[in-house]
Structures are given as C-alpha cells and as structure tokens.
Amino acid sequence: MVRVKIFTFNLFNENTFVLWDDETKESAVIDPGTSTADEQKIFTDFIISQKLNIKYLINTHCHIDHILGCKFVKEKFNAVYYAPEKDIVLLKNSVMQAQMFDIVFEEPPEPDKLISEKTEIFLGNSKIEFLFTPGHTPGEYCLYLQKERICITGDVLFKEGIGRTDLWGGDYDALINSIENKLFSLPDDVKIYPGHGEASTIGYEKQYNPFLV
C-alpha cells in the first residue's frame with residue numbers, strides 16, 4: 001500500500017509530497033519546496049521517523065516554488081532525480097526565477113533522468129505512471145498510481161481551479177486539452193493531490209470545477 005504525506009512549504013504555500021510503500025519503505029519525494037532550515041528539519045524528521053528510503057526525487061514541473069528543495073533532497077538522500085525535459089530551460093533559469101521574488105537560492109542539481117510518458121518507476125509493487133500534461137509549463141507531467149487511485153496533478157488541476165497560463169511557456173488551450181483528454185479520462189474516484197490547496201477527486205472536478213463545467 002502506498003501512503004501519502006503532504007507538507008505545505010515556502011512563501012508560495014506549495015505542497016511537497018512524500019509517497020512511500022508501507023512494506024518496503026521505498027519512497028519518492030515530489031516537488032520539494034523546502035526553503036528554510038526549519039522546513040528542512042521538519043521534512044528530515046519525518047523521513048527518519050518513518051524509516052523511509054528515498055529512491056526518487058521528482059519534479060512535476062520546474063517553477064521556483066516546486067524546486068526550492070531539490071538540491072537539499074538530492075544531496076542529503078542521494079535520490080535519483082527526474083525532471084521534465086521541456087522544463088529544463090526553467091531549471092537552468094531558476095536563479096533568475098528566485099531573484100524575481102527576492103529569494104536566496106542555490107542552483108539545483110542536474111537531473112539524473114528526463115521524464116517521458118514511457119517512464120515507469122515502482123515503490124514496492126506499486127507503479128507510478130507519468131501523464132504528459134503541458135499548459136501551465138511546456139513540460140509538466142502528472143503522476144498516476146492506477147492501483148491506488150491517486151494522481152499528483154502539480155499545477156495543472158486544482159480543487160475548483162486550474163493552473164495559470166500567463167507565465168513563460170503557458171498555453172491555455174494546451175492546459176484545457178491536458179485536463180480534458182488526460183486527467184478527465186481517469187476514473188471518477190481517483191483522488192487528486194494538487195501542487196497548492198486541498199485534495200479533490202476527478203469526479204468532483206468534472207462536476208464542480210467552474211473553469212471546466
């Protein structure tokens with residue numbers, strides 16, 4: 001069984017996720033937003049308390065609020081770092097992104113692997129699939145665990161909201177297409193965990209999301 005822990009970090013109130021397999025303790029950190037020593041300690045204390053083995057570090061996309069903790073997680077836990085190929089330009093310009101918000105930030109590490117829709121990783125016997133969902137950024141991916149009915153939706157789909165498309169590389173039509181043809185093709189009972197705000201379900205968003213009904 002895969003469990004989910006959510007931390008809300010940094011000045012953007014970004015959701016950082018830890019997914020782990022109950023039996024093997026194999027885990028993945030998704031979009032680490034740790035930006036202070038206190039946040040790093042909160043995160044590390046949890047990993048230690050649960051005796052987790054962080055195998056993977058994954059970015060759904062590479063906006064500054066989702067990558068603030070990548071260097072910390074990579075160096076402390078030696079995780080294999082996955083990032084979307086079409087968002088590498090954002091990663092390479094991350095210091096500039098940080099300066100726009102007066103954030104002191106060290107350049108993140110180079111990804112070990114680039115995500116594609118053929119990418120599959122496992123936590124124990126649970127498979128994580130990658131759904132290409134551009135629009136908020138050119139390269140964003142959502143993470144889908146079919147067996148657990150879980151989808152990490154990054155900044156693509158929120159509870160009663162959708163991702164911004166007015167930032168660099170944003171494309172409103174592409175975003176709506178990603179939601180309607182990728183995410184809304186998932187079963188209604190799939191629980192979504194967005195990059196900001198509360199969890200929801202695919203079925204709820206189909207019925208009540210004001211941007212999509």
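The values are calculated or read from the model by the stated rules, or taken from the named source; none is laboratory data. Given the structure is predicted, the values throughout are model-derived calculations rather than measurements. Using ideal geometry, Cβ is built from the backbone for each residue, glycine included, and neighbour counts are taken over all protein chains shown.
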(request) Go through the stretch 119-160 residue by residue and tally those that are touching a His at 6+ places or on another chain (Cβ under 7 Å) and of a type in the set (A, V, I, L, M). (result) 1
(request) State all residues of the stretch 29-63 that are in a helix (DSSP H, G or I) and either touching a strand residue (DSSP E or B) at 6+ places or on another chain (Cβ under 9 Å) or at pLDDT below 95 (or both); if no residue qualifies, say none. (result) Glu39, Ile42, Phe43, Phe46, Ile47, Gln50
(message) If a residue must be in contact with a Lys or Arg (Cβ under 8 Å, 6 or more places away or on another chain), under 18 Å from Glu26 (Cβ atoms) and surrounded by 15 or more Cβ atoms within 10 Å (Cβ to Cβ), how many such residues does the stretch 131-159 contain?
(response) 2
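In this structure, is Lys113 surrounded by fewer than 24 Cβ atoms within 10 Å (Cβ to Cβ), within 15 Å of Gly139 (Cβ to Cβ) and out of contact with any Asp or Glu (no Cβ under 9 Å at 6 or more places or on another chain)?
When the stated conditions are applied, Lys113 passes them.
Just checking, does the stretch 43-63 include any residue being on the phi > 0 side of the Ramachandran plot, buried (at least 18 other Cβ atoms within 10 Å of the Cβ) and not basic (Lys, Arg)?
No: zero hits.
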(request) Might you let me know whether the stretch 75-90 holds any residue that is surrounded by fewer than 23 Cβ atoms within 10 Å (Cβ to Cβ), outside any helix (DSSP H, G or I) and among the small types (Gly, Ala, Ser)? (result) yes
(message) Being hydrophobic (A, V, I, L, M, F, W, C) and out of contact with any Leu (no Cβ under 7 Å at 6 or more places or on another chain) is the filter here; which residues of the stretch 169-205 pass it?
(response) Ala174, Leu175, Ile176, Phe184, Leu186, Val190, Ala199
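Among the residues of the stretch 167-182, write down those that are modelled with pLDDT of 95 or more and either buried (at least 17 other Cβ atoms within 10 Å of the Cβ) or of a type outside the set (S, T, N, Q) (or both). If you could, list the steps in order and put the result at the bottom.
Residues of the stretch 167-182 modelled with pLDDT of 95 or more: 170-182.
Those that are modelled with pLDDT of 95 or more and either buried (at least 17 other Cβ atoms within 10 Å of the Cβ) or of a type outside the set (S, T, N, Q) (or both): Gly170, Asp171, Tyr172, Asp173, Ala174, Leu175, Ile176, Ser178, Ile179, Glu180, Lys182.
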(request) Report yes if some residue within the stretch 156-179 is under 24 Å from Trp20 (Cβ atoms) and among the β-branched types (Val, Ile, Thr); otherwise report no. (result) yes
(request) Tally the residues that are surrounded by 15 or more Cβ atoms within 10 Å (Cβ to Cβ), farther than 13 Å from Ile152 by Cα, out of contact with any helix residue (DSSP H, G or I) (no Cβ under 7 Å at 6 or more places or on another chain) and of a type in the set (S, T, N, Q), restricting the search to the stretch 1-42. (result) 3
